[in-house]
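Everything on this sheet refers to the single structure shown next.
What follows draws every value from the coordinates through simple rules; no lab data is involved. All values reported here derive from a predicted model rather than from experimental measurement. Please note: Cβ atoms are built from the backbone with ideal geometry, for glycine as well, and neighbour counts cover all protein chains shown.
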Amino acid sequence: MIRASDPRSMLRLSQDWRRRGLRVGFVPTMGALHAGHLSLLARARKENGIVVASVFVNPLQFGPKEDFTRYPRPFARDRALCLGAGADALYHPSAKVMYPEGFCTRVSVEGLSGLLCGEFRPGHFQGVATVVLKLLEAVRPDRLYLGEKDFQQLTLLRRMVLDLGLPVKVVGCPTIRERDGLALSSRNAYLSAEERAAAPDIYRALRAGAGAARGRGAGPGSVLKAASRLLSRMPGARVEYLRLVDERGLAQARRLRGRLRLLAAVRLGRTRLIDNVPVICEDRPRNPSDFTK
Ligand code: AMP
């Protein structure tokens, strides 16, 4: 596995692969790799001649009071996991290389950056979009692999790729979970034993919400009510948001129609966890009054 630590050497590698007619799949991460990341690498391995992983804890996407300094950085382990997952190259730039002195550009996917997590983490998605655009510039992949676990991030990056006409296909990959349903996350390591025991309730609540969509005469209100009933009983939890939105524009769902997602952000002690599930709707009017709307 080749290591690159600056954009120029990464770009040279990529140009060389391209000349040789190889397809490049790219999995950007912040490290502290787990089975969720590895599932993205496995998918990329299956679909491409070359697989590039990146490990970069991006300072731009952390707020001043967030966990940038304590974010786990087990680099030797991450490198071994990338190698084991069959990555051909690991891109591991430093913050200095990514953001040299004077760096002041931000990419903003207007309309999507300020919603949901963006309401609670101002500037977060500008940081995400900026770093991903910079990573794409260096790696120039054919396919970009992202997890549905971070559904807003996936939607926003799809939009950025579309709006800027970037020559890369975004591949969304399903969320990998612990046996008890908790979505894998590098931040799960922060949880105390009590918090860890409570954490799977987030997924249980979201599933209960999605299940309520199948009830007779159900509407968005029934979905939210079913989910919030469970969330509100979680010991030590503070719900930042629970929303039912349409998958493309993340607008609040007014009816159970089309492709919807139920998303939540919950604080358990000092740890902020996010999760989401699809909500399957029957795509036909549920009652006669719907015909007139
Ligand atoms: P991160 O290192 O948290 O920035 O995540 C890097 C990539 O892995 C992102 O595309 C995430 O959505 C994805 N990812 C994180 N956790 C999971 C998971 N549990 N299942 C699938 N993908 C995940």
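A few notes on this one:
- Order of Lys96, Lys134, Lys65 - criterion: other Cβ atoms within 10 Å of each residue's Cβ, fewest first: Lys65, Lys96, Lys134
- Top of Ser94, Ser228, Ser14 by mean-square fluctuation, Gaussian network on the chain, Cα under 10 Å: Ser94
- By the count of other C-beta atoms within 10 Å, a proxy for reagent exposure, His124, His34 are ordered fewest to most as His34, His124.
- For the chain, built as a Gaussian network whose Cα springs stay under 10 Å, the top-fluctuating residue of Asp163, Asp246, Asp78: Asp163
- Listed residue (Gly181, Leu40, Pro235) projecting farthest to the positive dipole end of the chain, Cβ model: Gly181
- Here the chain is assigned +1 on the Cβ of each Lys and Arg and -1 on the Cβ of each Asp and Glu. Its dipole about the Cα centre then comes out at about 480 debye.
- The range 210-274 versus the range 74-95: alpha-carbon centroid distance in Å: 35 Å
- Under 10 Å, Cβ to Cβ, from Val170 - net charge with Lys/Arg +1 and Asp/Glu -1: +4
- Of Thr155, Thr175, Thr69, the residue with the greatest mean-square motion in the GNM of the chain, using alpha carbon springs below 10 Å, is Thr69.
- Share of pairwise Cα separations in the chain, more than 28 Å, in percent: 40 percent
- Taking the Cα centre of the range 106-168 as origin and assigning +1 to Lys and Arg Cβ atoms and -1 to Asp and Glu Cβ atoms, the resulting dipole is close to 120 debye.
- Residues whose placed amide H lies under 5 Å from that of Gly147, excluding near-sequence neighbours: Cys173
- Semi-axes of the equivalent ellipsoid for the range 1-127, computed as √(5λ) from the eigenvalues of its C-alpha gyration tensor and ordered from largest down, come to 27, 17, 16 Å.
- Theoretical FRET efficiency, 1/(1+(r/R0)^6), r = Cβ-Cβ of Ser5 and Glu110, R0 30 Å, to 0.05: 0.40
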